1. Please compute the net charge surrounding Phe26, taking Lys and Arg as +1 and Asp and Glu as -1 over other residues with Cβ under 14 Å from its Cβ.
2. For the range 1-80, report the accessible area per residue in Å² (1.4 Å probe, heavy atoms, rounded to an integer).
3. Would you give the gap between the C-alpha center of the range 123-140 and the C-alpha center of the range 26-44, rounded to a whole Å?
4. List the trypsin sites (Lys or Arg not before Pro) in the range 3-64 that DSSP assigns to loop (not H, G, I, E or B) and whose Cβ has at most 16 other Cβ atoms within 10 Å. Which are they?
5. Can you compute the modelled spin-label distance between Glu32 and Arg78, with each label point 7 Å from Cα toward Cβ, in nm?
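The values are calculated or read from the model by the stated rules, or taken from the named source; none is laboratory data. On a predicted model such as this, the values are computed, not experimentally measured, just so you know. Note that each Cβ is placed from the backbone with ideal geometry, even for glycine, and that neighbours are counted across all protein chains shown. For the accessible areas, the whole protein counts, side chains as well, though only heavy atoms, and no ligand, DNA or RNA atoms are used. Shrake-Rupley method; radii C 1.70, N 1.55, O 1.52, S 1.80 Å.
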Amino acid sequence: MPRRTTTDKVEALFRLYEQKMYRIAFAILHDEGQAEDAVIAAFEKILRQSGVPRDPEGDAAKHLVVAAVRSCAIDQYRANARERAHSVLTDDVAGCADAARTAEEPIDDHLEKAHVRSLVDGLPEPYGSVLRERFLHERTVRETAEELDISESNVRKRQERALDMLRNQKGRTRYESLCL
C-alpha cells in the first residue's frame, strides 16, 4: 500500500468528514453560513494545533474532527449571544411614515447614513458586524479579522454574503426597507 502524503491525508479528511461536520455545526448554529464558517475554522484548528491524523478513516480522526467542529460551533454560538446582548441600535430613525410621504424630496445626508446603518443593522449577525467594521469603521480585511477574532477568509466570505443579502433587498424602495 503506497504511503499517503500529508496533502492526501488532508484531502481524505475533508472528503470524509466535511458534510458530517457541517451537520453538527448547523445543529448548533441553525445558520448555513455560520455552519460553513465553523467547518472551515475547525479544519484550520485541526491543521494548526493537532496536525493531520495518520489514518483519516480511524476513530481517533473521527473524534478529533467532531470535537473540533463542536468547539468552533459553540464558540460561534457564544459570540453570537454576546453580540446580541451588546447590540444596540445606534441611530433611531423617527418619522418613518413622514419619510415615505416625502419620497419625492431629496434625502439629507443624515437620513441617508441612517438608512445605510439600518440596512446593515437589519442583517443577521455576524454579517452586519463585518460590514460595520469594513465600511462604517473603514477597517481592512486584516483589521476586521483581528477585531472580530476570525480568519481573513471568514471576513471575505461573510462580507460577500452580506453584500448579496443587501443586493437581494435592492428590489424594495429605499423607504420600504427603511420602515421595515
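1. Numbers: positive: Lys20, Arg23, Arg70; negative: Glu18, Asp31, Glu32, Glu36, Asp37.
Neighbourhood net charge equals -2.
2. Working: 5020 Å² over 80 residues.
For the range 1-80, the per-residue accessible area is 63 Å².
3. Taking the Cα centre of the range 26-44 as reference, the centre of the range 123-140 is 19 Å away.
4. Working: sites: Arg3, Arg4, Lys9, Arg15, Lys20, Arg23, Lys45, Arg48, Arg54, Lys62; in loops: Arg3, Arg4, Arg54.
Filter output for the range 3-64: Arg3, Arg4, Arg54.
5. 2.9 nm
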